[in-house]
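Have a look at the structure below, then the notes.
The values are calculated or read from the model by the stated rules, or taken from the named source; none is laboratory data. Keep in mind it's a predicted model, so treat the numbers as computed, not measured. Heads up, the Cβs are rebuilt from the backbone with ideal geometry, glycines too, and the neighbour counts pull from every protein chain shown. Keep in mind that these areas ignore ligands, DNA and RNA; they rest on the heavy atoms of the full protein, side chains included. Shrake-Rupley method; radii C 1.70, N 1.55, O 1.52, S 1.80 Å.
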Amino acid sequence: MTYAGVNRLLHWLMAALILGLLTLGYYMTYVADYGLYHLHKSVAVVVALLLLPRLVLRWFKPWQSTAKGKGAKAVHGFHWLLLVLLVIMVVSGAAYSGFGGYGIALFDWPLLAQNIDAQQQVVAHSAALSDWGLAVHIYCAWKLCFTLAIHAIAALKHHFIDRDGTLIRMLVGEKGARL
């Protein structure tokens, strides 16, 4: 698979997982269905694992924007903002769960054990750091939703207004964009 193919696969796989995480996080928060946290954390671990190669690829081989001049720098910065928000989401979610004593697992494989007392109650390692992690996680989730909405609108602008083939290339690749 080519670099472009790997990049496209990572993009769409992460997009689906992140949209699922944001939807699940919203549901858990506002319906107070805490039974889904294990799924949320497991999928977040998968996103974190996919984020690492995404960051490396972006760092060593940045994509070329169709924008020119200052516009290209703004677009480049915006894409880095998306990646930085994802890193902050992963770190803050891990801080919330880890410092809160809730543990982190990849489905049934524990990565960070829960901190359970003799009465089988979760005990925080640091309630203050856990609370900070939760506050940052929720704040950045809303920022990420807003930033992703702008990203989607920009993709639609490329397709319907600019008609430059950007969205088609991101969907099917360079060869498909020429058809």
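Filtering segment 165-179 to residues that are assigned to a helix (DSSP H, G or I), at pLDDT below 85 and either open to solvent by 60 Å² or more (accessible area, probe 1.4 Å) or within 30 Å of Val91 (Cβ to Cβ) (or both) leaves Arg169, Met170, Leu171, Glu174, Lys175, Arg178. The residue that is nearest to Ala95 (Cα to Cα), among those in segment 129-164 that are more than 21 Å from the chain's Cα centre (by Cα), free of Cβ contacts under 8 Å to residues at least 12 places away in the same chain and in a helix (DSSP H, G or I), is Lys157. Only residues that are touching a helix residue (DSSP H, G or I) at 6+ places or on another chain (Cβ under 8 Å), open to solvent by 70 Å² or more (accessible area, probe 1.4 Å) and either part of a helix (DSSP H, G or I) or at pLDDT 90 or above (or both) were counted in segment 36-72, giving 0.
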